[in-house]
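Inspection log for the structure reproduced underneath, given as structure tokens.
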Amino acid sequence: MNLNPDQVSNYVTKYADVLVDYSLKLVSAFIILFVGIYAIRLINRIITKVMVQRNLDPTLTKFLSDILIWALRILLFVTFISKLGIETSSFVAILGAMGLAVGLSLQGSLSNFAGGMLIIVFKPFKVGDTIEAQGVIATVSEIQIFVTKMITGNNQTVFVPNGSLSNGTIINYSMQGERKADLTFSISYDSDIKKAKEVLLEVLTKNPKVLKKPAPEVFVKNLTAASIDFAVRPWATNANYGSVVSDTLENCKVALDEAGISIQPYTIQK
């Protein structure tokens with residue numbers, strides 16, 4: 001085959017121009033990519049610093065930071081492939097279809113994700129709080145996007161889905177900072193009511209862990225067929241609550257025995 005020198009020259013010139021043009025696009029695209037990666041890291045540090053200075057919840061700070069990073073990464077990727085000359089409209093359509101398919105297949109996970117958002121925004125509890133929810137009483141260890149991690153009193157780890165957690169009843173024992181114990185002591189009808197009340201109240205006032213304000217309460221709660229029931233209600237901080245309940249039960253029993261007051265089996269009410 002005979003090659004025309006002019007045609008060869010035209011082809012070489014044409015492809016050289018294409019190569020130069022695409023090389024410039026390639027170089028500029030990678031410049032945008034590397035500059036964008038550095039800019040995303042810088043923006044993330046600045047935004048995180050601002051949220052920390054504004055005393056936002058650490059869980060909310062991390063969550064918003066992660067969303068920001070991924071949104072900027074997606075935007076950078078689309079800009080990068082667009083700069084390379086790749087059509088982005090079809091790519092965006094494919095992403096939309098994939099997002100719809102994933103959304104339909106992960107409805108339960110999306111419900112947990114939405115529940116996590118509600119928990120993070122409205123803060124019915126925070127890390128370190130002791131709560132009762134979904135039949136579990138435990139201390140919140142970590143609030144994740146889909147589940148909340150809690151540690152029970154016997155050191156068991158419980159993961160509760162955020163969807164059911166945010167839609168159910170939550171009792172937060174730590175939010176107010178103080179708790180009131182509601183104990184019941186039952187004495188026989190042969191006992192002196194006034195003396196029993198004085199003995200029980202003295203036990204509470206002598207315990208340094210029992211708060212003075214609000215003041216502890218002792219009063220007749222009920223008259224049953226077999227006993228006189230006294231309500232014994234000391235207040236304590238969340239940290240001292242368990243020891244106050246234990247001390248009150250033990251010290252009241254000892255004090256009533258020393259006073260010669262016969263007690264009946266008691267019950268503890270939440």
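The distance between label points at A231 and N172 comes to 2.6 nm (points 7 Å beyond Cα on the Cα→Cβ vector). Peptide packing for 196-203, 65-72 was compared via the average number of neighbouring C-beta atoms within 10 Å per residue; ordered from the highest value, the list is 196-203, 65-72. Ratio of Rg to Rh for the stretch 178-269: 0.95 [Cα atoms; Kirkwood radius as inverse mean 1/r over pairs]. Taking each of K126/K213; K123/K213; K126/K253 in turn, the alpha-carbon distance tops 29 angstrom for K126/K253.
Summing +1 for each Lys or Arg and -1 for each Asp or Glu, what net charge is found among the other residues whose Cβ lies under 10 Å from the Cβ of T248? Mind showing how you got there, number by number?
On the way: positive: K209, R233, K253; negative: D247, E250.
Local charge sum for T248: +1.
All of the numbers you see were taken from the coordinates with simple rules; none came from a lab. All values derive from a computational prediction rather than experimental measurement. Every residue, glycine as well, gets a Cβ built from its backbone with ideal geometry; the counts of neighbours run over all protein chains shown.
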